[in-house]
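Participant: First the structure, which I've put down as structure tokens, then a few questions once you've had a look.
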Amino acid sequence: MTTWASVDEIRVDLVGVLGRFRGGGWAFSFGDGGPEAVMLTYDEFEDLGGEGKFSVPDEVVELGVLGRELPRLMEGVRAGTGAPVVWGEDGEPEAVVMSAAQYRELRGDVQPPAGVVDDPTVRRYATEPLPDSKPLDLDEWAARMGPETQELLEELRREDREGS
């Protein structure tokens, strides 16, 4: 079973959260009793068009302020009224905290049915082929791409034969 960090655990370890993100860490959910909110890097937020999807202040919230304000921000998250908060050190946007529902919206995911506990940072994909799926045929693909691609494919095959 998955467990989530509590709001208090996150609140007192924001330096650790930044360290995790600076080391290449991924978005994660946290909350009291379930995945209520998500922490993600500012880069991911920006890459997914967050500035265009959500109204966020220009101000970057400092670690100490976020540590003090996180319990109050979570009240807004739980009520569905909170806005994403951009935070970091020395005025640099490094991370974002937002509700789990906002994170799903950011990624374009569907919301789960009411009452279903769902961690939006854990991606689940159907892996079975669709009824009309068929194996990739490289020659067919090259033909669709045009004569230059077909020529390049033939050149690669010649080089492969000569190298063998």
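The values are calculated or read from the model by the stated rules, or taken from the named source; none is laboratory data. Since the structure is predicted, the reported quantities are computational estimates derived from the model, not experimental observations. Every residue, glycine among them, receives a Cβ derived from its backbone with ideal geometry; neighbour counts consider all protein chains shown. When the accessible area is computed, the model is the full protein with side chains, heavy atoms only, and any ligands, DNA or RNA have been set aside. Shrake-Rupley method; radii C 1.70, N 1.55, O 1.52, S 1.80 Å.
Participant: Tell me, yes or no, whether the stretch 120-133 has at least one residue that is of a type in the set (D, E, K, R) and open to solvent by less than 80 Å² (accessible area, probe 1.4 Å).
Facilitator: no
Participant: Can you tell me which residues in the stretch 87-110 are under 15 Å from the mean Cα position of the chain (by Cα) and of a type outside the set (D, E, K, R)?
Facilitator: Scanning the stretch 87-110 gives Ala95, Val96, Val97, Met98, Ser99, Ala100, Ala101, Gln102, Tyr103, Leu106, Gly108, Val110.
Participant: Take the residues of the stretch 87-105 that are crowded, with 22+ Cβ neighbours inside 10 Å and in contact with a strand residue (DSSP E or B) (Cβ under 7 Å, 6 or more places away or on another chain): which is nearest to Gly24 (Cα to Cα)?
Facilitator: That would be Ala95.
Participant: When the stretch 103-149 is examined, which residues are found to be hydrophobic (A, V, I, L, M, F, W, C) and either in contact with a Cys (Cβ under 8 Å, 6 or more places away or on another chain) or at pLDDT below 90 (or both)?
Facilitator: Val110, Ala114, Val116, Val117, Val122, Ala126, Leu130, Leu136
Participant: Another question, if that's okay. Within the stretch 94-102, is there a residue that is of a type in the set (Ser, Thr, Tyr), at pLDDT 90 or above and within 16 Å of Val17 (Cβ to Cβ)?
Facilitator: There is no residue in the stretch 94-102 that is of a type in the set (Ser, Thr, Tyr), at pLDDT 90 or above and within 16 Å of Val17 (Cβ to Cβ).
Participant: In addition: Output the number of residues of the stretch 9-25 satisfying the condition of being part of a helix (DSSP H, G or I) and under 21 Å from Asp118 (Cα atoms).
Facilitator: Residues that pass the stated criteria total 2.
Participant: Another question about this same structure. Would you pick out the residues in the stretch 140-153 that are open to solvent by less than 80 Å² (accessible area, probe 1.4 Å) and either in contact (Cβ under 8 Å) with a residue 40 or more places away in the chain or assigned to a helix (DSSP H, G or I) (or both)?
Facilitator: Within the stretch 140-153, Glu140, Ala142, Ala143, Thr149, Leu153 meet the criteria.
Participant: Do we have any residue at all in the stretch 8-17 that's without any contact (Cβ under 8 Å) to a residue 12 or more places away in the chain, open to solvent by 60 Å² or more (accessible area, probe 1.4 Å) and not charged (D, E, K, R)?
Facilitator: No - not one qualifying residue is present in the stretch 8-17.
Participant: Let me ask something else about it. Among the numbered conditions (1) within 18 Å of the chain's Cα centre (by Cα); (2) open to solvent by 30 Å² or more (accessible area, probe 1.4 Å), tell me where Gly31 comes up short.
Facilitator: (2)
Participant: For the stretch 50-65: of the residues being touching a residue at least 24 places away in the same chain (Cβ under 8 Å) and farther than 14 Å from Glu92 by Cα, which is surrounded by the most Cβ atoms within 10 Å (Cβ to Cβ)?
Facilitator: Gly50
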